[in-house]
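Notes follow the structure.
The values are calculated or read from the model by the stated rules, or taken from the named source; none is laboratory data. All of these numbers come straight from a predicted model, not from anything done at the bench. Cβ placement follows ideal geometry from the backbone for every residue including glycine, while neighbour counts extend to all protein chains displayed.
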Amino acid sequence: MFVLISSVFAAEKPKISFDEFFNSVDFTAVQISPDGNSVVIVTERADWHREIYQTDLWLYRDDGHGSGSLTQLTQAGHDSVPRWSPDGRWLAFLSERGCPSGKRHDGDDDDGRDADEKAAQIYLISPNGGEAFPITSGDEEVHTFNWSPDSKTIYFSTRTPWNKDQKDAYKKIWKDTIQYRGSERGDVIFGLDLQDALQRHAAAGTKEISDAEKDDNTTPGARVIASSPWRAERLEVSPNGRRLAFVTTSVSQREEKLEEFEIYCVDLAHPAASEPRRLTHNQALEQDLTWAKDSRHIFFLVDYGSTEGTYRDYQRRLYWIDAETGEVQRWAGDFDGAVISYAGLPDGRALATGRLGTEVQLYTQENAKSVFAKQPGWAGTYEMASTAKSSQRLAFVYSSLDRPAEVFLADAPDKLDQARPITAFNQLFTERDLPRGKTYRWKADDGTTVEGILMYPPGKFETKDLPMLTLVHGGPNDADGNHFEADWYQWDRLAATNGWLVFEPNYRGSTGYGDKFILGIIPEIVSRPGKDILAGVDSLVKEGIANADHLTIGGYSYGAYMTNWLITQTTRFKAAVTSAGAVEHVANWGNDDTVLDDAHFLGGRPWEAPKRYYDEAAIYQMDKVRTPTHIVAGAEDVRVAPLQAYLLERALHSLGIPSALLVFPGEGHSLEKNPWHGKIKVREELRWLRKYAGVGTAP
C-alpha cells in the first residue's frame, strides 16, 4: 500500500520548468568554524534583474540539540573566499563591492580598468552580527590571503603596487597601448596587524587620509613580508606561526613555463633577511597548499604535470613536501582513482575526496604509507569537505543523481551516514518529477571497458527506443557520475525533461579510472576518445535503448572539441550543439592559456609534431560533415579563442550545412558573467535539437 501511494504521489509531481531549472543554487565555498559549531557557506545564484551571478555569505549556527539556524551574512552579491580567524571571532572574505559585473579582468593595467570596476579587497565581519568593513585598499586586487595561527595578523598578496608617480609616468609613455608581457609584474606579500586594522576602521570618518597615503596606493599599516616575480597564490602559515608558504603561478595566469609554478617558504622571524626559499624543483603545477600539523610538512595537490619526472598529466594526486629537506612523498599511492580535494583532521590524518568511477567518496589516511581508507557513507558525490581545528566535526556538500546538492554537517568522518542537511536551497528540485539516471558500461573497439551515465526522461526509466542526446563532458580530465548539477554546462536533466535520453560517456582521458586510462588519449587527442564514444552510441542502439533515427550530440569545451571531431567521422547525428570548442590545434595552441597540456596531449609543439596536429584536427575533414550544427562562443575566451567558432561556422556555411553562431559579449571560457547568456545558450540548443532531430519540446 505504501509503495502504491508513493508511486501515485511521484506521478503527480510536476516536471521541472525551464525557468525553475536555471534558478538552482550552487555552493562555491564551505568553511566550518574552529570549534565545529558554525559553518559559513558561499552561495551563487542568478540575479536576473542585475544580470550577474550573485555570491553571498550565509552562516549556520548549531544550537547543540541537533538543529540550528541559517542566516544571511552578506547581501552585496560579490563576496567569496571566507576564512575563519583561528580564534573564531572574525570572518575575513574577499569582496568586489561596487563592481557591477562582479568580475575582474586579470592582467588589466591600472589605466585600462573601467571607472566603475573595483579590485577585490579583504573585508571583515563578526559572526555575531554587524556590518562588514574593508581592511585592505588600493587599486590592486588581493590575490589570496590567510590568518596567522594566533589570529593577530592577516597575510595577503597583490600585484606589485605602483604609486601615483609611477602610474603617471607609464601612462605618459604608453597611453592606451597594451604591452603584451611587457607590462606584467609580480606580487608582493604583505602582513597586516589585525588590531591596527580595527583601530583604523574605528577611526574612519574622523581621520582624513593624507595625500601621501592616497598616492602610495597600498593598504595603510601593511608591511612587506616578501616579493616574487610571479603571482602568489594560497598563502599558508605553519601551525607554529614561524613560516609562511605559498605557491606561484604566472603573472598572466597562462600556463607556459613550468618554473613559474613552484612552492616557496618565508621565515617569518626574519622575512626581510633573504628571498623566499624555493622548495620544489619539478615539472608539476602545484596547488592547494596546507601545512601539516607538525609544522614541517606541506600538503599540496597536482592536477597537471608530474613531481616524479617529465611532464605528464596523471590523475590528480596528493603529496606533501618536507619544508626542511625538500623531500616529496605521495599520499594515496594505493588509490586507483583521483584525489579531488583534501583537508587536515585535528588528529593529523588527511581527509580527502576521491573519485573512483562514477563515485566521489570521502577517505582518510594516517600517513603517506598507510591505507587510503574509504569512510562509510551514501553513494554519490562529496565535495568541499571542511574540517574543524578542535573538533571531529566536518561540513561538506553532497549530491547524487536523485538528490540535489546541499550542505551537510557530520559529527565525525566515520559518521557520514548520520550527517544532517543544514541548507535547503535546492528543495524545489525534490518537489519535481525529475529524470532518473544510472551507470552504463560498454566495450570500446579495442576491448577496453568504458562507462558513463544514462539520464532517462521522467516516467521513462529503462524504457527502450528513445531519442538520444550524447552530451560529452569537458576537461578531458573530468568525469560524469553520481552527482546532481543544474546549469548551462550540465543541462542533462533539462534535456531529459524535454524528452531526450541523455548519454554522458566517460571516454578515455576521463579521470577516476586509473592513470593508464587518462593517458590513453596521448597523442590521439580526439580520435581515441572519439572511438570510445561512438562505440557507446553503437552499443545503446544495438541494445534497442537508443533510436538510431534520432541521435544528436553536444558538448562544451573539450566536449565541444569531441563534438566538432565526431561530426566529421559519422553522419549518424541529426543535430549537434557545440560550445567553446576548437577545430584545429596550431592556432589553439598559440591562443590557449593552458599551453603545457596541449603540447603534452599532441606529443609536442606544432613544429615538433606537425602531422599529429593535422591528423587530429576537425577542420581538415569538414567536407564530410552533414550534421546541422549550433555553435556558441564567449567573446573574451582565452582558453578556446572565439576565432575557432568563427572558423567552424565559416566552414559549415561554405559547405551549405545549416549552422548558427551565438557570441556572448564579455564572457570568457565559462559563461559566468551574465546568467542570461547561459540560459539563452541552452534555450537555443534545445530548439535546435527539436528543429533538426524532430523530437522533444522546446522552451
>> Can you report the number of residues in the stretch 498-551 which are crowded, with 20+ Cβ neighbours inside 10 Å and part of a strand (DSSP E or B)?
In response: 9
>> Just the residues that are closer than 30 Å to residue 34 by Cβ and not in a loop (DSSP other than H, G, I, E, B), please, taken from the stretch 149-186.
In response: 153, 154, 155, 156, 157, 158
> Quick one: what pairs do we get from the stretch 540-554, first residue closer than 12 Å to residue 572 by Cα, second among the aromatic types (Phe, Trp, Tyr), C-beta under 6 Å, 6+ apart or different chains?
Replying inline: 551/573; 552/573; 553/573
>> Looking for something crowded, with 19+ Cβ neighbours inside 10 Å, of a type in the set (Gly, Ala, Ser), touching a Ser or Thr at 6+ places or on another chain (Cβ under 7 Å) and under 26 Å from residue 399 (Cα atoms) - is there at least one such residue anywhere in the stretch 325-332?
In response: no
> If you take the residues in the stretch 51-63 that are at pLDDT 95 or above and not aliphatic (A, V, I, L, M), which one is surrounded by the fewest Cβ atoms within 10 Å (Cβ to Cβ)?
Replying inline: 51
> Of all strands (runs of 3 or more DSSP E) completely enclosed by the stretch 390-463, which ones contain at least 2 residues that are loosely packed, with under 15 Cβ neighbours inside 10 Å and modelled with pLDDT of 95 or more?
Replying inline: 436-443
> Filter the stretch 410-442 for residues that are without any contact (Cβ under 8 Å) to a residue 40 or more places away in the chain and among the basic types (Lys, Arg); which is farthest from residue 31 (Cα to Cα)?
Replying inline: 441
> If you go through the stretch 119-143 one residue at a time, how many are surrounded by fewer than 18 Cβ atoms within 10 Å (Cβ to Cβ) and either touching an Asp or Glu at 6+ places or on another chain (Cβ under 6 Å) or assigned to a strand (DSSP E or B) (or both)?
Replying inline: 3
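Only one residue in 304, 314, 319, 342 is in a loop (DSSP other than H, G, I, E, B), among the hydroxyl-bearing types (Ser, Thr, Tyr) and under 23 Å from residue 382 (Cα atoms). Which one? Explain how you work it out, then say what you get.
Numbers: 304 fails: in a loop (DSSP other than H, G, I, E, B); 319 fails: in a loop (DSSP other than H, G, I, E, B); 342 fails: in a loop (DSSP other than H, G, I, E, B).
Selected residue: 314, the only one of 304, 314, 319, 342 that is in a loop (DSSP other than H, G, I, E, B), among the hydroxyl-bearing types (Ser, Thr, Tyr) and under 23 Å from residue 382 (Cα atoms).
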> What number of residues in the stretch 277-288 are in a strand (DSSP E or B) and surrounded by fewer than 20 Cβ atoms within 10 Å (Cβ to Cβ)?
Replying inline: 5
>> I'm trying to understand the selection: among the residues of the stretch 153-193, which are touching an Asp or Glu at 6+ places or on another chain (Cβ under 7 Å), charged (D, E, K, R) and crowded, with 17+ Cβ neighbours inside 10 Å?
In response: 159, 167
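Would you point out which residue out of 98, 77, 66 is more than 26 Å from residue 250 (Cα to Cα), touching a Gly at 6+ places or on another chain (Cβ under 7 Å) and at pLDDT below 95?
Details: 98 fails: touching a Gly at 6+ places or on another chain (Cβ under 7 Å); 66 fails: touching a Gly at 6+ places or on another chain (Cβ under 7 Å).
Selected residue: 77, the only one of 98, 77, 66 that is more than 26 Å from residue 250 (Cα to Cα), touching a Gly at 6+ places or on another chain (Cβ under 7 Å) and at pLDDT below 95.
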>> I'd like the full set of residues that are surrounded by fewer than 22 Cβ atoms within 10 Å (Cβ to Cβ) and either touching a residue at least 60 places away in the same chain (Cβ under 8 Å) or farther than 18 Å from residue 596 by Cα (or both), limited to the stretch 252-264.
In response: 252, 253, 254, 255, 256, 258, 264
>> For residue 315, only one of the following conditions fails: (1) of a type in the set (S, T, N, Q); (2) under 15 Å from residue 518 (Cβ atoms); (3) out of contact with any Gly (no Cβ under 8 Å at 6 or more places or on another chain). What is its number?
In response: (3)
>> On the basis of being polar (S, T, N, Q) and part of a strand (DSSP E or B), does residue 563 make the cut?
In response: no
>> Can you find, within the stretch 345-389, the residue that is surrounded by the fewest Cβ atoms within 10 Å (Cβ to Cβ) among those that are more than 29 Å from residue 450 (Cβ to Cβ) and hydroxyl-bearing (Ser, Thr, Tyr)?
In response: 370
> Consider residue 655 against the criteria (1) in contact (Cβ under 8 Å) with a residue 24 or more places away in the chain; (2) under 30 Å from the mean Cα position of the chain (by Cα); (3) surrounded by fewer than 17 Cβ atoms within 10 Å (Cβ to Cβ): it satisfies all of them except one. Which criterion is unmet?
Replying inline: (2)
> Which one of the conditions (1) surrounded by 17 or more Cβ atoms within 10 Å (Cβ to Cβ); (2) part of a loop (DSSP other than H, G, I, E, B); (3) out of contact with any Ser or Thr (no Cβ under 9 Å at 6 or more places or on another chain) does residue 146 fail to meet, given that it meets all the rest?
Replying inline: (2)
> In this structure, is residue 475 on the phi > 0 side of the Ramachandran plot, crowded, with 24+ Cβ neighbours inside 10 Å and in a loop (DSSP other than H, G, I, E, B)?
Replying inline: no
